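Take a look at the structure set out below.
Throughout, read-outs are computed from the coordinates displayed, never taken from laboratory work. If you're wondering where the values come from, they're calculated on a predicted model, not measured in any experiment. Here the Cβ is made from the backbone with ideal geometry for all residues, glycine too, and neighbour counts use every protein chain on show.
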């Protein structure tokens with residue numbers, strides 16, 4: 001399988017992810033129609049978006065501009081390796 005190169009297909013894929021997220025969030029609120037559930041869902045979505053931003057932008061642009069990685073597993077390996085280097089002693 002190759003990478004998707006078509007901008008149209010990439011936009012379509014993004015729209016599908018958005019639709020899936022909206023559908024799942026709507027179902028959660030419909031199945032448990034409480035304000036507290038809706039607020040927790042909003043906080044969870046916001047927090048995961050910030051974590052994604054940190055993992056795929058902040059680390060590469062601010063923490064270590066020389067480090068380029070291919071995914072979350074690569075990021076975890078990098079973080080563990082650098083944590084050991086930064087320990088005093």
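Of all residues in segment 25-63, count the ones that are under 30 Å from residue 80 (Cβ atoms) and out of contact with any helix residue (DSSP H, G or I) (no Cβ under 6 Å at 6 or more places or on another chain).
Filtering segment 25-63 for residues under 30 Å from residue 80 (Cβ atoms) gives 43-63.
Imposing the further condition that a residue be out of contact with any helix residue (DSSP H, G or I) (no Cβ under 6 Å at 6 or more places or on another chain) reduces the set to 43-54, 56-63.
Of the residues in segment 25-63, 20 are under 30 Å from residue 80 (Cβ atoms) and out of contact with any helix residue (DSSP H, G or I) (no Cβ under 6 Å at 6 or more places or on another chain).
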One residue is enough: does segment 42-58 have a residue meeting the conditions free of Cβ contacts under 8 Å to residues at least 40 places away in the same chain and over 28 Å from residue 73 (Cβ atoms)? yes
